[in-house]
Amino acid sequence: MCHSNGSSTLREGFAFPEGLRRHLLGEGKAHQCLFIKVAKDIAWSHWNKKFAESDRQEREEERQQLARRRQTEALYKTSPFEEVLIDNGWSFNAKRNKEQLTFAEERLSQIGFTKITGGNIQAWVQEHEKYIVYADWRISRSITFSVWKKPLPKKQPFNTYKYKLKEFYLLDEWKHDLVEKYKKRLPD
């Protein structure tokens, strides 16, 4: 199509199929085929004109739905700077149902956490002299704890990672010596 011969001075043409594929897509050290590039640009421009507005409307509807959910559903404060819905996050485990949430809350109170509620926001917190521990009990099969250095800033800083000391978990299937297992994982 474009009469390009490849970049080799010894042989004419492209190695088949990989060399041709690289030429058509512009991968590696190969120059992209001009005809494929123009065809791709035309297709992208047409796609953008046809679907950009509907994509923008879908994103706006999702954003509004999330804002409505955050006003009406329970929010879980899992860190000093984050209040999330029960299904927020990247977990392969399922979210807890009501019975599992009750089980996790009983376990947190056994360990010595305090439940703090305000409006539709819930948090399980344990304060220490040099740090504060937040629990994330939303995901089934384990409770995740994040340890944050005191004093905490009033607003979320750009460098949040500097305040987070540690993160660990306790599995739901663990039944013996929970307080000791928990304390062993806390920073010294």
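Just so you know, all these numbers are worked out from the coordinates, no wet-lab data involved. The shown structure was predicted, so the numbers you read here are calculated from the model rather than taken from an experiment. So basically every Cβ, Gly included, is an ideal-geometry build from the backbone, and we count neighbours across all protein chains shown.
Looking at region 145-163, which of its residues are outside any loop (DSSP other than H, G, I, E, B) and free of Cβ contacts under 8 Å to residues at least 40 places away in the same chain?
Filtering region 145-163 down to residues outside any loop (DSSP other than H, G, I, E, B) leaves 145-149, 160-162.
Within region 145-163, K149, Y161, K162 meet the criteria.
Of the conditions (1) touching a Lys or Arg at 6+ places or on another chain (Cβ under 7 Å); (2) part of a strand (DSSP E or B); (3) without any contact (Cβ under 8 Å) to a residue 60 or more places away in the chain, T117 fails just one. Which one is it?
(1)
Under the condition of being of a type in the set (F, W, Y) and within 18 Å of T78 (Cβ to Cβ), which residue from region 153-188 is farthest from the chain's Cα centre (by Cα)? Give the derivation first.
As a first pass, look at region 153-188 and keep what is of a type in the set (F, W, Y): 158, 161, 163, 168-169, 174, 182.
If we keep only those that are within 18 Å of T78 (Cβ to Cβ) too, we end up with 161, 163, 168-169, 182.
Numbers: Y161: 15, Y163: 19, F168: 17, Y169: 17, Y182: 25 Å.
This residue is Y182.
In region 162-188, which residues are aromatic (F, W, Y) and more than 16 Å from I132 (Cβ to Cβ)? Lay out the reasoning, then the answer.
Pass one, region 162-188, residues aromatic (F, W, Y): 163, 168-169, 174, 182.
Y169, W174 - these are the residues of region 162-188 that are aromatic (F, W, Y) and more than 16 Å from I132 (Cβ to Cβ).
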